[in-house]
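*Asks:* Have a look at the structure that comes next, please.
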Amino acid sequence: MRIIAEKINGTRKAVAKAIAERDAAFIQNLAQKQAAAGATWMDVNAGTHPDREPEDLLWLIDLVQGVTDVPICLDSANPAALRAVLPAVKKTPMINSISGEPERLTGILPIVAEHGCDVIALCMDDKGIPATAEARLEVIRRVFVETRKAGVPDEKVTVDPLAMTIGTNIQAGQIIFATMRAIRAEFPKAHIGCGLSNVSFGLPIRALINRTFLVLALDAGMDTAIIDPNDRDLQAAIYAGELVLGRDKHCLRYTRAFRAGLLEAPKAPAPATK
């Protein structure tokens, strides 16, 4: 399972405050913790006004690269910001994201192709997020026409089917799983990635729903998760899910995680005795 660490995102209040106040220690602490937890990519999103975004994004990138060598996922829909910061990125990044929206394809896809980046492709277009798996697949078919035309290999594309909340549509999970299976069948070399938080929005005990969704998504073909890698319960669900699905040869990853103490919450210290 490939992990895109999600915490360095300016849409989060604490991160937005750190960016505004130039709190380097806060950002670097987030980066170090996510790297230590096994992030494959470090998502970096300034979440600021387009006029400020290049400066803020560059500041974040410099801080992250100062404390970890985990590749960066540049999270921006602003082509000018992407072009401004790419010279400062040490390892070829992932770019988040393109979609069926014409302005993203014309503005961002050429950058992806020019720099040989991995890219996240969203199952949406200028009409929004389609309601059905069939319509989402149709959008992503059009995206693959363009990525192939631009010379981007399918294996560098991670398709995000876009999870929606089950709280307003009880079939939202089934739509995502059907979309994943269809993508895996039609584009076998592509990756499938998804954020989990939307699926449980508005419901109690969201962490339980997210873990359950993650394991079912693994079975549907997901191989990339956009999560907080320090969420031990989610990580444990990944290890167990891949084990049960027969994707962990000789059970090695699961048993190694067990020996490393990653599958259970740390035990509370024993009470002091008199």
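None of the figures in this text is laboratory data; all of them are computed from the coordinates on show. What you are looking at is a predicted structure, and each value in this text was computed from that prediction instead of being measured. Reconstructed Cβ throughout: ideal geometry from the backbone, glycine too, with neighbour counts over all protein chains shown.
*Asks:* State the percent of C-alpha pairs, over all pairs in the stretch 1-91, separated by a distance greater than 18 angstrom.
*Replies:* Value for the stretch 1-91 (Cα pairs over 18 Å): 36 percent.
*Asks:* Sticking with this one: So how strong a dipole does the chain carry about its Cα centre when Lys and Arg Cβ are +1 and Asp and Glu Cβ are -1, to the nearest 20 debye?
*Replies:* 900
*Asks:* Show me the trypsin sites (Lys or Arg not before Pro) within the stretch 161-248 that DSSP assigns to loop and that have at most 10 other Cβ atoms within 10 Å of their Cβ.
*Replies:* Filter output for the stretch 161-248: Lys189.
*Asks:* Summing +1 for each Lys or Arg and -1 for each Asp or Glu, what net charge is found among the other residues whose Cβ lies under 11 Å from the Cβ of Ile238?
*Replies:* So the environment of Ile238 carries a net charge of 0.
*Asks:* For the stretch 1-96, run through the trypsin sites (Lys or Arg not before Pro) and keep only the ones in DSSP coil with at most 12 other Cβ atoms within 10 Å of their Cβ.
*Replies:* Sparse-neighbourhood loop trypsin sites (Lys or Arg not before Pro): Arg22, Lys90, Lys91.
*Asks:* For the pair Leu252 and Arg12, how long in nm is the line joining their label points, each one 7 Å along Cα→Cβ?
*Replies:* So the two model labels end up 3.2 nm from each other.
*Asks:* While we're looking at this one, here's another question. How many angstrom lie between the Cα centre of the stretch 83-119 and the Cα centre of the stretch 176-191?
*Replies:* If you average the Cα positions of each part, the centres end up 22 Å apart.
*Asks:* Also, quick follow-up: How big is the gap, in Å, between the Cα center of the stretch 1-57 and the Cα center of the stretch 146-163?
*Replies:* 24
*Asks:* Oh, and also: What does the extension gain come out to for Ile205 and Ala24, with contour length at 0.36 nm per residue minus their alpha carbon separation?
*Replies:* 61.9 nm
*Asks:* If we count every other residue with Cβ under 15 angstrom of Thr147's Cβ, Lys/Arg +1 and Asp/Glu -1, where does the sum land?
*Replies:* Neighbourhood net charge equals -2.
*Asks:* Which pairs in the list Lys13/Lys149; Lys13/Lys127; Lys33/Lys149 are over 31 Å apart, alpha-carbon to alpha-carbon?
*Replies:* Lys13/Lys149; Lys33/Lys149
*Asks:* With contacts defined as alpha carbon pairs under 8 Å and 6 or more residues apart, what's the relative contact order of the stretch 1-160 in percent?
*Replies:* 16
*Asks:* Let me ask something additional. Below 8 Å, C-alpha to C-alpha, sequence gap of six or more: please give me the relative contact order for the stretch 1-91 in percent.
*Replies:* Answer for the stretch 1-91 is 31 percent.
*Asks:* Using only DSSP helix segments of four residues or longer, with each worth -39500 (n - 2.57), what per-residue ellipticity at 222 nm results for the chain after dividing by its residue count and rounding to 500?
*Replies:* Dividing the helical sum by the residues of the chain leaves -14000 deg cm²/dmol.
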